[in-house]
Structures are given as structure tokens and as C-alpha cells.
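Taking it in order: structure first as C-alpha cells, then the write-up.
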Amino acid sequence: MARITTVGSLLVATASAQLLNIPALLGSLGPAPEDDPRFTNWQAPGPNDVRSPCPGLNTLANHGFIHHDGRNMTLPHLLTGLAEGLNMGADFTVLIGGAGLLSSPDPLGGAFDLNDLDQHNFPIEHDASLSRQDAYFDDDHTFYDPYWQDVLAYFQNGQTALKPAAEAIANRTRDSEAINPTFTYGFREFIFRYGETAIYLQSMGGSDADGVTRVDWVRSLFEQERLPYNLGWRPRAEPITIPSLGQMVFELFTVSPEAVPEGKKIFADSYKDVFEVLVGGSEVLNNITDGLAAAVGL
Ligand code: HEM
Ligand SMILES: *[C@@H]1O[C@H](CO)[C@@H](O)[C@H](O)[C@H]1NC(C)=O
Ligand SMILES: *[C@@H]1O[C@H](CO)[C@@H](O)[C@H](O)[C@H]1NC(C)=O
Ligand SMILES: *[C@@H]1O[C@H](CO)[C@@H](O)[C@H](O)[C@H]1NC(C)=O
Ligand SMILES: [Mg+2]
């Protein structure tokens, strides 16, 4: 398969040997117009469709912002779909999507299927999820309501906020630690989990400063894997970026009752750093993303 990467000219041949014009792709990204029919066209997955442990990707697939069958997730496809549906920034999608590619049986093929993401402990899936059981109990990807109810119990008056969101993470940590003899929890898992909370808060309308948004919008994302468009939600105006998430990871940790594993310190850059270490450094990330990582400043 042809893979020519010429970052200097920003013209690359992807795995499918198509020419990808990176500046044109990146310059075109943003949320879809409010009247885009995909916001209200929700379809449950059919028997031949695949889904993942990620409520965000499952939701976007259910609305057709990314392939409804859950397969063939390339970075250009994800960049467009995640921006149109949730205004995820290109830096986020390239960094997390690059890690996602490592879960594919053919990481250099440039695409993964949503169910590849079930793979436990590497690259992304971890114990003590908010809404899924640990892999030790067999199924790490199907929504699991009892844990989710434990999380929701922390929110008062139908509103989220940073402190109860952080307390909910800590509750899930304690529970998994108590019941799962293979419980795995290091710095990497810690950062991912705070990052995932930052993602649901920011994508469901929480401001970067306080993470306050409507619990019914968050419930729609997790429980129905549906964008809460009919409840009044709209994609936020500002893209959700690695800096906006990294800052919220830092703020969540600041109000968290948990200590950081391995005695490490958390900085606003920790979120980005953990992913870059995971994929093997920025040069590898740039290679597996066909030059997109450098183009978005990672
Ligand atoms: C290419 C982009 C993405 C990839 C590869 C990805 C992958 C994953 C994976 C593997 C997990 C499972 C981790 C675990 O809980 O064990 C996960 C969890 C999660 N993802 Fe994504 N994700 C992506 C984008 C998004 C987006 C756009 C959202 C927006 C809402 C999102 C929200 C979440 C949340 C909230 C969780 C935590 C679920 C829980 O704890 O039960 N993700 N993601
Ligand atoms: C996968 O998606 C790419 C574009 O994102 C497309 O060119 C290719 O034909 C697709 N392959 C399959 C097997 O669907
Ligand atoms: C987690 O929260 C639930 C609901 O509030 C509570 O019943 C449970 O005891 C908590 N678990 C731990 C380990 O703190
Ligand atoms: C990245 O790709 C280039 C060009 O193919 C190669 O020379 C280099 O060794 C690769 N770097 C890493 C860290 O894989
Ligand atoms: Mg998990």
C-alpha cells in the first residue's frame, strides 16, 4: 500500500492512495449548520453495525456524523465528523484518533472500526469507567446503568459542576479497586479518565471555567447515545481543543478528592503529554497521522 508522507509540502498519499490536501481539510472544519438534518436524524445501530466503549463516537455514528456502521474510521473522516457534530478541534481528533488507530489490527492501514476500541489497557480503554464495567467482568463496552446511576447521584439540581464530576470519578475508582482483582490504575488511566469527564462536560455545553451544564443533556449522550438537540443543546461556538481539555483536567484534579497515581504532578500539558508518550512520541504520531499532527501543531 502506498504511503508517501511529504510534510514539507503538506501533500500526502494516504493508505487509500488518495491525495489529501491538509490545509484545505483543516480550513474547512467546524460545526454543521443548525438545520443540518443529521442533528435530528438518530438511528440505533443495526445488527451488522459496530459500536465502542466511547459514548461520544457511538453518538456521532448514530446520527451519521461518522459512518453509521461504525467501520473504517480514517482521520480525515473523523476530523470532519467530530467537528460537524460536536465542534471537536482538529488537534483533539488527530491526537486521540491517532491513539485510536493503534487499536486497529492494522495500525498503518489508516483506519479503525469502533469495536477495535474495546481492546483493554492499550491504547485507551481502562478500568473504572463512568458507564461501563471493567474488562475483568467480560464486557468493557456496553452501557452499564448501575455505575452511571452512582455517577449521576453526585449532581444536584439537574446541573453538573467540576467538583461533583471529580467526586464521581473518585467513586468509580474506589468501587473498581474494591471489586476488581486486576484493577489497573496508573498515571495514564488517571489522565484519560479526567480527560473523558472534561470532554463530556465541554461537549455538552459546560463552560471551560466551571463545567456547569444540564444533566439531562449529559444523560442523553450516555444513556441514549443521542445528541440532545431537541432538549435545546447546540454544538458550542468555540472548538474543544487539547488546551481547553488539558486546562479542565487540571481544574478537575484541583478539586478532586483523589491523589495522583505514581506521585506525579498534573499540569495543563499533562493531557497532551500522556497521549504523545502512548503513541511513541510526536514523530511517530506525525507518521501514523500522515503529517496531520505537525499540521495542527502537535
Ligand atoms: C477519535 C476520537 C475518539 C476516540 C478514539 C475515543 C476513544 C474512547 C475510548 C477507547 C473510550 C473508553 C475508555 C474507557 O472508559 O475505558 C472512550 C471513553 C469516553 N469517550 Fe471517547 N473517543 C473519541 C472521541 C470522543 C468524543 C468526541 C467524545 C465526546 C463526547 C468522547 C467522550 C468519551 C467519554 C465521556 C468517555 C468515558 C466513558 C465512560 O467513562 O464510561 N470521546 N473514548
Ligand atoms: C474508507 O474510507 C475512506 C475515506 O474516508 C474511503 O476512501 C474508503 O473507500 C473506505 N473504505 C472502505 C472499505 O469502506
Ligand atoms: C458510590 O456512590 C454510590 C451512590 O452514591 C454509593 O452508593 C456507593 O457507596 C459509592 N461507592 C463508593 C465505593 O464510594
Ligand atoms: C517517520 O517516517 C519517516 C519517513 O518515512 C522515517 O524516516 C522515520 O524514521 C519515521 N520516524 C519514526 C519515529 O518512526
Ligand atoms: Mg473502560
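What the table below lists for this structure:
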{"read-out": "Residue, modelled with the highest pLDDT, within region 196-214, restricted to residues that are more than 13 Å from the chain's Cα centre (by Cα) and among the polar types (S, T, N, Q)", "value": "213"}
{"read-out": "Residue check, residue 127 within 9 Å of ligand 1 (Cβ to nearest atom) and touching a helix residue (DSSP H, G or I) at 6+ places or on another chain (Cβ under 6 Å)", "value": "yes"}
{"read-out": "Any hit, region 278-293, residues being outside any loop (DSSP other than H, G, I, E, B) and within 29 Å of residue 145 (Cα to Cα)", "value": "no"}
{"read-out": "Candidate set from region 121-140 (those that are surrounded by 21 or more Cβ atoms within 10 Å (Cβ to Cβ) and touching a Lys or Arg at 6+ places or on another chain (Cβ under 8 Å)); member that is farthest from residue 222 (Cα to Cα)", "value": "126"}
{"read-out": "Among (1) of a type in the set (S, T, N, Q); (2) touching a residue at least 24 places away in the same chain (Cβ under 8 Å); (3) surrounded by fewer than 19 Cβ atoms within 10 Å (Cβ to Cβ), the one test that residue 282 misses", "value": "(2)"}
{"read-out": "Per-region count, region 91-113, residues under 16 Å from residue 26 (Cα atoms) and among the acidic types (Asp, Glu)", "value": "1"}
{"read-out": "Positions within region 222-262 being in contact (Cβ under 8 Å) with a residue 40 or more places away in the chain, in contact with a strand residue (DSSP E or B) (Cβ under 8 Å, 6 or more places away or on another chain) and open to solvent by 30 Å² or more (accessible area, probe 1.4 Å), in sequence order", "value": "239"}
{"read-out": "Condition met for residue 217 (within 30 Å of residue 44 (Cα to Cα) and either assigned to a helix (DSSP H, G or I) or small (Gly, Ala, Ser) (or both))", "value": "yes"}
{"read-out": "Any hit, region 92-99, residues being in a loop (DSSP other than H, G, I, E, B), touching a Phe, Trp or Tyr at 6+ places or on another chain (Cβ under 9 Å) and open to solvent by less than 40 Å² (accessible area, probe 1.4 Å)", "value": "no"}
{"read-out": "Residue identified as under 17 Å from residue 186 (Cβ atoms) and part of a helix (DSSP H, G or I) among 258, 262, 251", "value": "262"}
{"read-out": "Filter pass, residue 111 being crowded, with 18+ Cβ neighbours inside 10 Å and more than 26 Å from residue 135 (Cβ to Cβ)", "value": "no"}
{"read-out": "Flag for residue 226 being touching a Ser or Thr at 6+ places or on another chain (Cβ under 6 Å) and closer than 28 Å to residue 76 by Cβ", "value": "yes"}
{"read-out": "Unmet requirement for residue 106, which otherwise passes all of (1) within 11 Å of ligand 5 (Cβ to nearest atom); (2) modelled with pLDDT under 95", "value": "(1)"}
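The values are calculated or read from the model by the stated rules, or taken from the named source; none is laboratory data. Note that the structure is predicted; figures quoted are calculated from it, not measured. For neighbour counting, all protein chains shown are included, and Cβ atoms are generated from backbone atoms with ideal geometry for every residue, glycine included. Accessible surface areas use protein heavy atoms only, side chains included; no ligands, DNA or RNA. Shrake-Rupley method; radii C 1.70, N 1.55, O 1.52, S 1.80 Å.
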